[in-house]
1. Looking at the chain as a GNM with Cα springs under 10 Å, which of 252, 168, 203 has the largest mean-square fluctuation?
2. If each DSSP helix of 4+ residues adds -39,500 (n - 2.57) and the sum is divided by the residues in the chain, what number results at 222 nm, nearest 500 deg cm²/dmol?
3. Per-residue counts of other Cβ atoms within 10 Å, averaged by peptide: what ranking do you get for 300-306, 256-262, highest first?
4. Test of understanding: in a Gaussian network model of the chain with alpha carbons linked when under 10 Å, which of 162, 93, 141 would top the mean-square fluctuation ranking?
5. Using packing as a proxy for protection, rank 185-191, 31-37 so that the peptide with the highest average count of other Cβ atoms within 10 Å comes first.
6. Would region 86-137 count as rounded, prolate or oblate if I go by the C-alpha gyration tensor, calling it rounded below 1.5 in a/c and otherwise prolate when a/b exceeds b/c, oblate otherwise?
7. So, in Å, what gap is there between the alpha-carbon centers of region 62-77 and region 110-140?
8. Just check region 1-104 against the gyration tensor rule for me: Cα atoms, a ≥ b ≥ c as the square roots of the eigenvalues, rounded for a/c under 1.5, and otherwise prolate or oblate depending on whether a/b exceeds b/c.
């Protein structure tokens, strides 16, 4: 248990430190956004690139891993969207964003550093595969709910492509895989430069996440936000565990990374997508806040199970 606490307490403490820094006025909204951009566009991409280039790119062609994880993604997304439509009476677009909240873990700011911290550099490759495949699946599912509102399927495909190439983590994953497959060795100067940037990735990303979450309302939509948090933090990892443990055939490390990824809170990127589509933005911000707070208790429990179960 001590090993789990040694990982999880400092990890979530950085989030709450950022939250507290914003609460006392040490950092404002503009500063939080700047730090968030710095983490997402400057520190996390080289962090992911360097971890992937140290891995075997042939292992990325793990179709058994892909279909297990993405099957759970599709099921949890559509289940959540149906709950949103029939229980909360949300419209088509809002239901799609509701589903995105439930199915999109925060593997950018939290998942990548946490998985590598918990399981070592070997976790980089399965995290890269989740990041890449899950982004395509989730954007496609969301486009199905949006397509009726904005230009049909052709426009939806164009939005998916543009969103993919605008995501620096996806670009870093592709660049890392291509560079690793080329057999080239990164020269010392860019290696050292990237290492310096990568060293700031986890603390800056977590601090920025906490600072960004301060001030988000929860009470205004308590039922919907609570449902999102329950589905995201409990049902999603249970579903992923069912696919990976119920259907053997994957390496234990990859199984652990998949379950850990699915138990993370709602991704900060969901707010940006909700804002882009002009729907469900306030409740999405609240869901990110509440699910992150609850995850500080649920993630250590799942980590304990993954370590000792």
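Nothing in this text is a laboratory measurement; each read-out follows from the coordinates by a stated rule. Quantities reported herein were computed from a predicted structural model and do not represent experimental measurements. Because the Cβ atoms are built from the backbone with ideal geometry, glycine has one as well, and the counts that use them run over all protein chains shown.
1. Comparing 252, 168, 203 in a Gaussian network model of the chain, the most mobile one is 252.
2. -24500 deg cm²/dmol
3. Packing proxy ranking, top to bottom: 256-262, 300-306.
4. 162
5. Numbers: 185-191: 10.7, 31-37: 16.9.
Highest mean packing first, the order is 31-37, 185-191.
6. Working: a/c = 4.58, a/b = 2.71, b/c = 1.69.
Note, shape of region 86-137 comes out prolate.
7. 13
8. The shape class here is oblate.
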